[in-house]
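Structure first, then comments.
The values are calculated or read from the model by the stated rules, or taken from the named source; none is laboratory data. Remember, predicted model here, so these are calculated numbers, not experimental data. Reconstructed Cβ throughout: ideal geometry from the backbone, glycine too, with neighbour counts over all protein chains shown. In case anyone asks, the SASA skips ligands and DNA or RNA and just uses the protein heavy atoms, side chains included. Shrake-Rupley method; radii C 1.70, N 1.55, O 1.52, S 1.80 Å.
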Amino acid sequence: MGHLTATRPLRPWTAPTASDPVSTTLRLPGSKSLTARALVLSGLATGPSTLARPLRARDTELMANGLRAMGAHVSISDDERWLVRPHPLAGPAHIDVGLAGTVMRFLPPVGGLADGRITFDGDPQARQRPLGPLLDALRRLGVRITSPASGSLPLTVLGGGGIRGGEVVIDASASSQLVSGLLLAAPRFDRGVVVRHVGPPVPSAPHLRMTVQMLRAAGAAIDDTTPDVWTVEPGPLTGRGWEIEPDLSGAVPFFAAALVTGGEVTVTGWPGGSVQPVERLRGLLQAMGGEVSLSTAGLTVRGTGTVHGLTADLSDVSELTPALTALAMLAESPSRFTGIAHIRGHETDRISALAREFTALGADLTESRDGLAIRPRPLHGGVFETYHDHRMAHAAAITGLAVPGIELSDVACTSKTMPEFPALWSAMVTGKS
């Protein structure tokens with residue numbers, strides 16, 4: 001089970017309740033996953049890169065700071081266009097990972113390429129997040145690392161200016177980021193890498209496909225034709241311009257608002273060929289009563305005001321679990337979500353946290369090892385603990401659309417991936433920008 005701690009600031013944030021169907025068109029910040037990967041690939045490239053419309057949030061700023069600490073030039077002063085100029089990587093350096101899985105899993109391999117001592121630590125809860133399989137794999141590839149016996153933070157990478165590389169077996173069933181972290185740096189390994197996953201299925205497969213696509217876009221030779229095997233050849237990564245599309249997980253609470261209120265929400269800026277699992281989200285929202293369309297105007301979700309229950313394996317889109325759970329609480333029939341045991345190791349144990357907080361509001365739900373069973377019934381107001389977890393805050397805000405008096409213990413945790421969330425959410429519900 002993951003780590004559950006609740007803290008309550010003095011002034012909770014009351015989620016606004018919708019008196020009318022929401023109707024809004026909005027532009028949302030860029031994808032956290034795309035921004036993080038583009039930063040790493042840019043820092044390892046042979047020439048400069050730009051990131052257009054990246055996500056400026058705590059996680060991505062920590063990633064930029066980590067690369068900067070190891071010697072890369074990263075300019076993020078312009079919100080619309082970040083610039084990365086690679087330089088030789090070197091220590092000594094200390095990297096604060098915050099509570100970001102991307103930073104704690106993508107930068108230790110980069111640290112192995114640096115010449116010098118690179119230390120890593122983060123928020124107290126970050127020490128609970130699974131990291132051991134990545135560290136063991138890096139050791140087998142020739143990287144010197146010191147860490148607690150638990151294979152967690154804090155850790156030190158004694159970079160030797162390069163990584164031998166080779167073949168490695170890893171159990172990445174806890175997080176797809178364990179594989180992505182190896183793959184992103186692998187073109188710079190002396191022998192590249194062959195990563196073989198052995199164990200239960202790797203969750204969040206769309207994120208691995210994103211990693212592969214972005215590596216190829218940066219000039220890497222990577223073969224993923226064999227299931228659970230990724231082969232990356234050694235070679236240079238080229239600097240390039242990265243277009244960062246809106247964050248799908250961040251958009252889901254706003255789309256959920258359309259379903260709950262019978263309204264319409266359009267998020268602008270979606271490309272025709274998204275590298276995020278838009279089609280998977282479309283299927284889930286349509287099953288719950290939404291109508292989803294993609295046009296030149298953007299990605300639009302319309303609701304009828306009636307939400308249907310849903311039975312689904314969410315292993316490939318587990319980030320959506322808190323928002324979909326909130327929707328399921330307001331549905332007219334039961335729901336069951338499975339395949340999400342790994343989210344117990346996210347920012348908090350999300351399964352237990354969702355069960356605890358919704359039960360406190362009067363919900364009828366059952367927690368299992370890998371999921372939740374939800375039987376809707378009327379809810380009442382109350383303080384909803386967020387556990388420093390942005391997705392928990394999103395779930396509470398969605399619930400508050402239909403249930404008066406939902407108070408978030410800490411709405412500021414949404415700054416992890418969307419600092420604008422409270423203002424955007426309130427403007428959508430009230431109709432005032």
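Compute the long axis of helix 248-261 from its Cα atoms, compare it with the longest principal axis of the Cα atoms of the chain, and write down the angle in degrees, 0 to 90, nearest 10.
10
How big is the gap, in Å, between the Cα center of the stretch 73-103 and the Cα center of the stretch 283-356?
Here the answer is 33 Å between Cα centres.
Per residue, what accessible area does the chain have, given a 1.4 Å probe and all protein chains present, in Å²?
Averaged over the residues of the chain, the accessible area is 36 Å².
Which percent, nearest 5, of DSSP beta bridges in the stretch 96-235 are antiparallel? Don't skip to the end; give the middle numbers.
Numbers: 15 of 21 bridges.
Percentage antiparallel, nearest 5: 70.
Just the number, please: percent antiparallel of the DSSP beta bridges in the chain, rounded to the nearest 5.
Antiparallel bridges: around 65 percent, rounded to the nearest 5.
When N counts the residues of the chain, how does its alpha-carbon radius of gyration compare numerically with 2.2 N^0.38 Å, as a ratio?
Rg over 2.2 N^0.38 Å, computed on Cα atoms: 0.95.
In 10 Å bins starting at 0, how do the alpha-carbon pair distances of the stretch 252-365 split up by percent?
14, 44, 33, 9, 0
Considering all alpha-carbon pairs of the stretch 322-433, what whole percent are spaced by more than 25 angstrom?
Result: 18 percent of Cα pairs exceed 25 Å.
Using only helices, what value at 222 nm comes out for the chain when you add -39,500 (n - 2.57) per DSSP H run of length 4 or more and divide by the total residues, to the nearest 500 deg cm²/dmol?
Numbers: 12 runs with 133 residues, N = 433.
Roughly -9500 deg cm²/dmol at 222 nm, from the helical runs in the chain.
Taking every pair of alpha-carbon atoms in the stretch 1-110, give the share separated by more than 17 Å as a whole percent. Can you show the working numbers first?
Values: 3686 of 5995 pairs.
Distances greater than 17 Å cover 61 percent of the Cα pairs.
For helix 32-43, report the angle its Cα long axis makes with the longest principal axis of the Cα atoms of the chain; keep it between 0 and 90° and round to the nearest 10°.
Between the helix axis and the principal axis of the chain, the angle is about 10 degrees.
Between T430 and S75, what is 0.36 nm times their sequence separation minus the Cα-Cα distance? Round to one decimal in nm.
Values: separation 355, 0.36 × 355 = 127.80 nm, distance 3.61 nm.
My answer for the length gained is 124.2 nm.
Taking the dipole about the Cα centre of the stretch 1-160, with the C-beta of Lys and Arg at +1 and of Asp and Glu at -1, give me whichever of L83, F120, A38 is farthest to the positive side.
F120
I need the trypsin sites (Lys or Arg not before Pro) found in the stretch 91-196, filtered to DSSP loop residues with at most 14 other beta carbons within 10 Å of theirs.
Listed in order of number, the matching sites are R164.
If I take all pairs of Cα atoms in the stretch 110-193, what percentage of them are more than 15 Å from each other?
More than 15 Å apart: 55 percent of the Cα pairs in the stretch 110-193.
Order K432, K32, most accessible first, counting only protein heavy atoms with a 1.4 angstrom probe. Can you show the working numbers first?
Working: K432 145, K32 25 Å².
Descending accessible area places them as K432, K32.
Considering the dipole of the chain built from charges on the beta carbon (Lys and Arg +1, Asp and Glu -1) around the Cα centre, which of G298, T14, A69 is farthest to its positive end?
Positive-end residue among those listed: A69.
Quick one: pull the percent of accessible area on the stretch 205-263 belonging to carbon and sulfur, 1.4 Å probe, ligands and nucleic acids left out.
51
Taking 0.36 nm per residue of sequence separation and subtracting the Cα-Cα distance, how much length would be gained by fully extending the chain between S150 and T268, in nm to one decimal?
Net length gain for the segment: 38.1 nm.
Compute, for the chain, the length of the dipole vector about the Cα centre, with Cβ point charges of +1 (Lys, Arg) and -1 (Asp, Glu) only. Units Debye, rounded to 20.
Using only the charged Cβ atoms, the result is roughly 640 debye.
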